[in-house]
1. For the pair ARG206 and ARG378, what calculated FRET efficiency results from E = 1/(1 + (r/R0)^6), where r is the Cβ-Cβ distance and R0 = 35 Å, to the nearest 0.05?
2. Using a/c under 1.5 as the rounded threshold, could you call segment 74-121 rounded, prolate or oblate? The axes a ≥ b ≥ c are square roots of the C-alpha gyration tensor eigenvalues, and prolate needs a/b larger than b/c, oblate otherwise.
3. Taking amide hydrogens as modeled 1.01 Å from N in the peptide plane, which residues meet the under 5 Å criterion relative to TRP134, leaving out close sequence neighbours?
4. Using only C-alpha atoms and all pairs of different ones, pull out the Kirkwood radius for segment 46-200 in Å with one decimal.
5. Roughly speaking, what is the stretch gain from GLU71 to THR2, that is 0.36 nm per residue apart minus the C-alpha to C-alpha distance, in nm to one decimal?
6. What trypsin sites (Lys or Arg not before Pro) in segment 272-329 are in a loop by DSSP, with at most 15 other Cβ atoms within 10 Å of the Cβ?
7. Which of VAL323, VAL198, VAL374 moves the most in a Gaussian network model of the chain with Cα springs under 10 Å?
8. Tell me, what is the FRET efficiency for ARG9 and LEU221 to the nearest 0.05, using R0 = 35 angstrom and their Cβ-Cβ distance as r?
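The values are calculated or read from the model by the stated rules, or taken from the named source; none is laboratory data. Computed from a predicted model, the values in this text were never measured in an experiment. Cβ coordinates were reconstructed from backbone atoms using ideal geometry, including for glycine residues, and neighbour counts include every protein chain displayed. Ligands, DNA and RNA are excluded from the accessible area calculation, which covers all protein heavy atoms including side chains. Shrake-Rupley method; radii C 1.70, N 1.55, O 1.52, S 1.80 Å.
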Amino acid sequence: MTNPWVAVRPGEDPTALARTVSRAHETFLERPSGTDSSVRSVVLESWRRSRTMGVDPDRAADDAMDAASLERYRTEHPMSLIRPVVRKLLVEDAADTGLLVAITDASGRLLWVEGDTVAKDRAHAMNFAEGTDWSESRMGTNAPGTALAVDHCVQIFAAEHFARPVQDWSCSAAPVHDPLTGRILGAIDITGGPRVAVPEVLQLVRATVAAAESELRLRLLESPRLETAGPRLEVLGTARPTLVRGGERVPLSGRHAEMLLLLQTHPEGLGADHLAVLLDENDLDSVTVRAEMSRLRKVFGADGLASRPYRLVGTLTSDVEDVRAALDRGDVETALRLYTGAVLPSSYAPGIEELRDELRVRMQAALLRCGDPVLLARWTASVHGRDDARAMEAYLHTLDPASALHAQVEARLRLLGV
């Protein structure tokens, strides 16, 4: 079976493939609704996400942290714990090879870029540099950004990149997970010429990730109190949202939780007027938003929030993001376990109501698609799924018509008016 994550297969001509992919990319930009069998599905799906998120195919990366903020952020980041392993396995052999090795955070921001000096200078032309945001939502299809988006190792070859300034390069990347919680911490990437897109390089990246995660596990066992997770937002099924940071649980006001969740959902940033609309349909003014943002900085930390537009600096994870990630990779059982309730159930902010409905609909659709009777039973017995008539009907179809359970579910459906 062909490996969909590998870009250049053994025996394939990279030059001919580059021409084919380039034509397919230009065709896609003209007719995004079309399909092309010459493009790998993982790439085509990423192109569609990139277009939906409004990525400019002619833009180079332009969202860099200032040097002081970057140094402080990456020194405290858990990916710094595995940097020595990455340097030993990849960076030390990258000199004079034309290759770069990058380490990102979970949002796709480049924490370190090391390797061949000439390649590093060339890469500055597209701003592939420490501190810049290479998330898929910012730069479109690229190996580290896409690996984080789909939570899987991946190669991106030449014009498979969504942004034209990147199409002279190829890259292989894989996500790195916290060995205790399973959360994504960041990614390891190798960037260079066409030879980076062969299967052996992807194997090398995966082996490096495995070694890095093993090292991280040892560090955690040696220092149980070592904190590997950055700030985390908990907003599902609770009337009192919480920010978890450095082992401390900080209660948040509803408004501050709304603002943080909206900024996490819009990594490109939000202007004061746009944020006001998402927070209150009754014309909340931008002056009030700026005042509330000033108060939020005191709670969240001024270094974590940027202005013009308002946006998060660094990584903020959330229980909403965890559910989405599980659904994205088709892990319905994990998504159901993590979905502990509606998003900020007491919020009436239009932007939050939209997120709440979107996540619940996705959860329901995934359950209906998988048709697993155990998961359907769990969902329809939960507070947030007990009135879901569609899921209950799907569960009913999995039961023996002669069973007492079938009769009970039928009775529940009648109570719902079905």
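1. Details: r = 33 Å, r/R0 = 0.95.
That pair, ARG378 with ARG206, gives E of 0.55.
2. Numbers: a/c = 2.87, a/b = 1.60, b/c = 1.80.
Here segment 74-121 falls in the oblate category.
3. ARG109, LEU110
4. Details: mean 1/r = 0.0656 Å⁻¹.
Final number for the Kirkwood radius of segment 46-200 is 15.2 Å.
5. On the way: separation 69, 0.36 × 69 = 24.84 nm, distance 4.16 nm.
Working it through step by step, the gained length comes to 20.7 nm.
6. On the way: sites: ARG290, ARG295, ARG297, LYS298, ARG311, ARG324, ARG329; in loops: ARG329.
Taking segment 272-329 and a limit of 15 other Cβ atoms within 10 Å, the loop trypsin sites (Lys or Arg not before Pro) found are ARG329.
7. Most flexible of the set in this elastic network: VAL374.
8. Values: r = 40 Å, r/R0 = 1.14.
Approximately 0.30, to the nearest 0.05.
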